[in-house]
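The numbers here are math on the coordinates, done by the rules we state, and not lab data. This is a predicted model, so every value here is computed, not measured. Cβ sites come from the backbone with ideal geometry, for glycine too, and all protein chains shown count toward neighbours.
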Amino acid sequence: MLVPALLGLVVIGLWYLVSLVVLEPRRQFILPPPHEVVRQAFLDGDSFVELLGPLATTAQVALTGLALAAVLGLLLAMLMSQSRWVEAAVYPYAVALQSIPILALVPLIAFALGYGFGSRLVVVVLICLFPIITNTLFGLHSASEEMHDLFSLHGAGRLVRLRKLQVPAALPATFAGLRISAGMAVVGSIVADFFFRQGKPGIGLQIDIYR
C-alpha cells in the first residue's frame, strides 16, 4: 500500500507543478490544479448534482454492456473450446472485429439502430467482447492432457469435462479478461455518448459541452 500511495503523491505533485508553474495563468483552464477540480466537481452542490446524472448514465451503459459481453463471450468461448470447426469459423471474425477501429463502426451503428441506449450498448459490447473470448478460450484450453486422460478413464462426457475440468481451469484467465474489459467498457460508454449525442446525456456529452 505504501508504494501506490507514494506514487499517487508524486502524480499529484507533478500535476500541481504543471498547473501552477509550467502553464501560464491564462492557460490554467487546460489543467486546473487538483484542489480546484475537487472543489468544482464535488464540493459545489450545483456542479455535483449536474455531474451525478451523466455519471449514472455512463455507469449504466458500461455495466450493462459489460454484462452482455461477458455472457456472449463466455458462451462463444465454450462453444469454440468444444468444436474446432466452430473455433475456426468464429475466431477470425472476433479478431477482425477487434482490428476495426470502433469509431469507424459508430456511424453504421447509428444508422442501423438509432442514437439511443441500445446503440451505446452495442458499442460497449463490441469493445469488450474480444478480451473475454480470447482469455476464456485460452483458459479452457489450458487444462493439462493428464487431467483430460484421467477424465477419459472415468468415462466423462464433454459436458462433464467442461463443467468440472475446463471451466475451473479457465477461471483465472476469464477474470483477467473481465478486468481488461471492465476498463474498456467505461471508455466505450464515454465514446458512444460523445459521438451519438442524443438520449440521456452521459460523461462523453458533458466533456463535449465543457471542452
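Worth a mention:
- Prolate/oblate/rounded call for the stretch 1-43, Cα gyration tensor, a/c under 1.5 rounded: oblate
- Rounded, prolate or oblate (a/c below 1.5 giving rounded, otherwise prolate when a/b exceeds b/c) for the stretch 31-129 by Cα gyration tensor: prolate
- Helix-only mean residue ellipticity at 222 nm for the chain, each DSSP H run of n ≥ 4 adding -39500 (n - 2.57), per residue, nearest 500: -25500 deg cm²/dmol
- Packing rank of 80-92, 16-28, where each peptide gets the mean count of other beta carbons within 10 Å, highest leading: 80-92, 16-28
- Charge-dipole axis of the chain as Lys and Arg at +1 and Asp and Glu at -1 on Cβ define it, positive-most pick from TRP85, PRO54, LEU72: TRP85
- Legend: ranking of residues MET184, MET1, MET78 from fewest to most surrounding C-beta atoms inside 10 Å; resulting order MET1, MET78, MET184.
- Relative contact order of the stretch 53-210, pairs being alpha-carbon contacts under 8 Å that are 6 or more residues apart, as %: 37
- Charged-residue dipole, Cβ positions (Lys, Arg, Asp, Glu), the chain about Cα centre, Debye nearest 20: 300
- Among LEU126, LEU63, LEU171, a tally of other beta-carbon atoms within 10 Å of each Cβ gives an order, fewest to most, of LEU171, LEU63, LEU126.
- Whole-Hz ³J(HN,Hα) from phi, Karplus 6.51 cos²θ - 1.76 cosθ + 1.60, for the stretch 100-107, glycine and proline x: 7, x, 4, 5, 6, 8, 4, x
- The convex hull around the C-alpha trace of the stretch 93-211, projected and averaged over every direction, spans 9.1 square nanometres.
- The stretch 163-187 and the stretch 99-141 have Cα centres lying 17 Å from one another.
- Cα-Cα separations in the stretch 22-85 greater than 17 Å, expressed as whole percent: 67
- Against the chain, whose longest principal axis is taken from its Cα atoms, helix 2-17 shows a tilt of about 40°.
- Among the listed options [x] 20.2; [y] 18.3; [z] 19.8, the one matching Kirkwood radius over Cα pairs in Å as calculated from these coordinates is [x].
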